[in-house]
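Reviewing the structure listed below.
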Amino acid sequence: MKIILVLLMMFVFGNIASAQNFDENNADVNNNQVTTGERVQREPIRQKIDGIYDKTHVYNRAPVSYVHLREADVMWAKTIWRRIDLREKINHPLHFPNLGDLTSGSSQGNWLSFWDVIYSALDSSESNPNPIMIYTDQWCNIPQFFSEFKGKLGTKKKMPQFDDEGFVIGEIEFVDPYKKSDFLALDIKEMWFFDKQRSVLDVRIIAIEPLFYVEDPTAALAEKFRSDEDEFEDELIDKLFMGAGWLHFPEIRPVLATNDAFNAFNTAERRSYEDFFWKRMFSSFIMREENLYNNREINQFLLNGLDQVLESDRITNEIRKFEHDLWDF
């Protein structure tokens, strides 16, 4: 009898031990980051859920087609360069959300800033097999490689390299990436023209360039050679607007038409970035108009800030006055 009891106890304890080993093996398989120290890469199984219904209206939209324009129908035209300052409250829909680096994804789900829309359209990926081009200048005829464009989204800096004993043995060059909060302006090249076929003064955007308000790369050099007795020490400019390339606006219109711009009054009213520019829902100021003197900017012949503002308003009123005079009998 004792032998039977001993055999039964050995059988029970053996089953318990095997069950514990089985559970431990399953735990290792299901939680492999604990045993191997590696982080599991999880892939999304669907689009981000950002509401109580599917938002398909804007995503299926196409840009409004331009009216056919013949050269013979344009009886008057003027090319204008203007700047949209995204620090102005009315222009905030183009700036936010502004968290993270320029190359990081959106921090607000499916809501993309104007920069997020542009950057995702430039990058070639499985979801974007036909990326749009970015060009070196406003003439939009010399394209840049995406790697070349991406290299302009940061400041190249150097730091000393040390050996094991703490001695400097050289320098390491690295890129300090810009932040989305540094994207603070847009330069626009547009043409105002009068179409005599439709008897209307119209405007079309030709090219657009995103600008970053970042540290002046020559500021460190100016600091190095500046004397202690410099009277203008506090007036040195340590930041300026820098661009990374120009986009041909007609090429990016289909992309802008399929992405939402934030509507502060009613989020159920779908408004795309293409609507934002088509309806001129932004504030800007004129930097220059085409002129005889190499298309020079206003600040090149007017140094006073107030005079520059008045000159910008004069050009705007000149365009309005032209249209008004056409109907003044």
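Coordinate-derived values only; no laboratory data. Nothing here was measured: the structure is a model prediction, and the numbers come from that model. Cβ placement follows ideal geometry from the backbone for every residue including glycine, while neighbour counts extend to all protein chains displayed.
What list do you get for Phe301, Phe262 if you sort them by fewest beta carbons within 10 Å?
If I rank by nearby Cβ atoms, fewest first, I get Phe301, Phe262.
Within the set Lys48/Lys279; Lys78/Lys196; Lys89/Lys152; Lys156/Lys179, which residue pairs have Cα atoms separated by over 18 Å?
Where the Cα-Cα span goes over 18 Å, the pairs concerned are Lys48/Lys279; Lys89/Lys152.
Starting from 0.36 nm per residue, how many nanometres of slack lie between Lys48 and Arg87 once their C-alpha separation is accounted for?
Gain on stretching Lys48 to Arg87: 11.1 nm.
Taking neighbour counts of Cβ atoms within 10 Å as a proxy for exposure, in what order, fewest first, do Val200, Val58, Val309 appear? Provide the component values of the computation, followed by the final result.
Details: Val200 11, Val58 17, Val309 14.
Ascending Cβ contact count within 10 Å gives the list Val200, Val309, Val58.
Projected area of region 240-329, taken from the Cα convex hull and averaged over every viewing direction, in nm²?
10.1
Asn128 label point, 7 Å along Cα→Cβ, cut-off 20 Å on backbone N: hits in region 199-215?
Answer for this model: 207-212.
Using only the Cα atoms of region 95-198, what semi-axes does the equivalent ellipsoid have when each is the square root of 5 times a gyration tensor eigenvalue? Give whole Å, largest first.
37, 18, 15
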